[in-house]
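See structure below.
Values quoted throughout were computed directly from the atomic coordinates according to the rules given, and no laboratory measurement underlies them. Worth saying up front: this structure is predicted, and the values here are computed from it rather than measured. For neighbour counting, all protein chains shown are included, and Cβ atoms are generated from backbone atoms with ideal geometry for every residue, glycine included.
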Amino acid sequence: MANHSDVIIIGGGIIGAASGYYLAQAGLKVRILDRGYLGSGSTGRCIGGIRQQFTSEGSIKLMMESVRLFGEMSEELGTDVHWHNGGYLFLAHDQQRKESFLQNIAIQRQAGLQDVRWIDAYECRQVAPGLDINGLLGGSYCPSDGQAYPFAVVNGYAQRIKQLGGQVSTFAEVSDVIRTGGRVKGVRTVQGQEFLADVVVNAAGPWAREVGALAGIDVPVEPERHEALITEGVEYLGAPMLVDYRSDGGYFQQFKHNGQFIGCYSPVPNVPGHSSDSTYQFLSEMPRRMLKLVPALAPVKVIRQWSGSYENTPDGNPILDRTPLDSFYVAAGMCGHGFMLGPAVGRRVARMITEGGTKPPLAEFALERDFSSKEAMK
Amino acid sequence: MSKSDEKIICRCEDVTEAEVLIAIEQGATTADEVKRLTRAGMGHCQGRTCRRLVNQLLAKKLGQKPEAQRPVTQRSPLQPISLKTLADS
């Protein structure tokens, strides 16, 4: 049957693309469906940061694996994904933040992340040229964290999937998950196509709850709008991604491959829903926050702003599991970390499907879990 | 080098016709996808020059009628503005 695959993946962002790649590598016939173009949901709207500084052992180890995979990716996929280990620097302007970073560093080192360390304000300015260290106590610095270019990564996976005999359907929005006898059979699209498969994966990112509902499975994922902007390219300064958790802080980094600064902040209060609107408030507020940290960027010009969704779970950790519906899997709720988690999560998804069994790959990412704890470095 | 390698479609990001054609071969069916795969339209002028050229190539390669092409997402600001000017606004 022309429209039958071993695995259908709903969602062509990094989670779907990476999962599809590792499944195709394992010899399975894969079809990826996306309601828009590849990366149109969240992946293509993220700012491309990749870090291992988390606070749970599971996330730290998963991210260490992802960093290793990003490092090999350009060669493996045969396309330059612009991986660069420029590092991440989390800034502490008060004692309480410093204490919590020191605790996190201990947990991270315990988990095997050897190069993360506390650096004082003076050293912060050495690794981040131009950083205003007025009032800064220091920061949590991990030089092996890095950056990559999201569209190149997703497209690189997609091209490999096609080379391995898989298929990619864009502008194909799933309207129905076909089930018979407690087992998933395939999907139908808004456009009227029917695709059948032995396995279906919900990797729909911000739409994971809606897609789950089509299969009768509740996936507790709530989208939340985050805005971002990018500047023209200027000479690369060699600074790491700067993360300022203060209420008037934000995150930004410079891409090594083209010198553009890209940044965002988490709005307070949050903006729930599927909106991809941009606001003038962000366009003026984000530059204020960037210039507060690095005043020398004043003349650099902003060329574009946009927004995208974080797909949040109640506890800030992803959902990566089988579901009560036989052969229907979920890999979603990456809480703003999907791009960086993608390669390692993709491998876990492939392993979960090819190796069978009943347990979730990581207990802390189970679909049915106590969602009351919190990932602190969100 | 073929002619297609020399013909610049997006002069802000130095994207050639050959690169746009590769993106179309790889599955791009809209100017938005070409933009994301090649960076044509992601530079200073935000696609004001290359958008029509990209749409022409899409029309030629995929037989699309111009009126059936999906419009490209337009993003602000309309022209580059310095961080300082925005911060002071």
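Tabulated values for the structure
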read-out: Quotient of Cα Rg and 2.2 N^0.38 Å for the stretch A:283-375, N being how many residues it contains; value: 1.53
read-out: GNM top mover of A:ASP34, A:ASP321, A:ASP277 - chain A, alpha-carbon springs below 10 Å; value: A:ASP277
read-out: Relative contact order of the stretch A:200-299, pairs being alpha-carbon contacts under 8 Å that are 6 or more residues apart, as %; value: 24 percent
read-out: Nearest 10 degrees, 0 to 90: helix A:95-110 Cα axis against chain A principal axis; value: 50 degrees
read-out: Gyration tensor over alpha-carbon atoms, chain B, equivalent ellipsoid semi-axes in Å; value: 26, 16, 10
read-out: Candidate lysines for bridging to A:LYS98, where Cα separation is under 18 Å - those fewer than 8 sequence places away on the same chain excluded; value: A:LYS378
read-out: Compactness of the stretch A:228-308 - radius of gyration and Dmax, Cα, Å; value: 12.5, 37
read-out: Helical contribution to [θ] at 222 nm, DSSP H n ≥ 4, -39,500 (n - 2.57), averaged over chain A, rounded to 500; value: -9000 deg cm²/dmol
read-out: Inter-chain shielding of B:32-38 (mean C-beta neighbours from other protein chains, 10 Å cut-off); value: 5
read-out: Around A:LEU341: net Lys/Arg minus Asp/Glu count, Cβ-Cβ under 10 Å; value: 0
read-out: Net charge over other residues, Cβ less than 13 angstrom from the Cβ of A:GLN103 (K, R count +1; D, E count -1); value: +2
read-out: Label point distance in nm, A:SER169-A:LYS359, each placed 7 Å from Cα along Cα→Cβ; value: 3.6 nm
read-out: P(r), alpha carbons of the protein assembly as shown - 10 Å bins starting at zero, rounded %; value: 4, 20, 31, 27, 14, 4, 0
read-out: Test item: A:297-309 mean partner chain Cβ contacts at 10 Å; value: 5
read-out: In degrees, nearest ten, helix A:150-163 long axis to first principal axis of chain A (Cα); value: 30 degrees
read-out: Sites A:GLU72 and A:GLU210 - FRET efficiency at Förster radius 30 Å, r taken between beta-carbons, to 0.05; value: 0.30
read-out: Whole-number D in µm²/s for the stretch A:1-99 (Stokes-Einstein; Kirkwood sum over Cα pairs; 20 °C, 1.002 mPa s); value: 133 µm²/s
read-out: Tilt relative to chain A, helix A:14-25 - C-alpha long axis, 0 to 90 degrees, to 10; value: 50 degrees
read-out: Kirkwood hydrodynamic radius of the stretch B:43-89, Cα pairs, Å; value: 12.8 Å
read-out: Inter-probe distance in nm under a simple model that places probes 7 Å from Cα toward Cβ, at A:GLN103 and A:ASP176; value: 5.2 nm
read-out: Residue-averaged beta-carbon neighbours from other chains (10 angstrom radius) around B:72-83; value: 6
read-out: The stretch A:251-378: relative contact order as a whole-number percent, Cα under 8 Å and 6+ apart; value: 21 percent
read-out: Contact order normalised by residue count of chain A, Cα under 8 Å, 6+ apart, percent; value: 24 percent
read-out: Euclidean distance between Cα centres, the stretch A:30-55 to the stretch A:257-322, Å; value: 15 Å
read-out: GNM flexibility winner over chain A from A:PRO343, A:PRO206, A:PRO287 (Cα, springs under 10 Å); value: A:PRO287
read-out: q = 0.17, 0.20 Å⁻¹, the stretch A:78-229: log10 I(q)/I(0) [Debye, one scatterer per Cα]; value: -1.05, -1.21
read-out: Within a Gaussian network of chain A (alpha carbon springs, distance under 10 Å), most fluctuating of A:GLU355, A:GLU123, A:GLU76; value: A:GLU355
read-out: Global form of the stretch A:97-138, assessed from the alpha-carbon gyration tensor, a/c cut-off 1.5; value: oblate
read-out: For the stretch A:223-378, projected area of the alpha-carbon convex hull averaged over all directions, nm²; value: 10.9 nm²
read-out: Hits among lysines - C-alpha to C-alpha of A:LYS162 under 17 Å, sequence gap 8 or more where chains match; value: A:LYS29
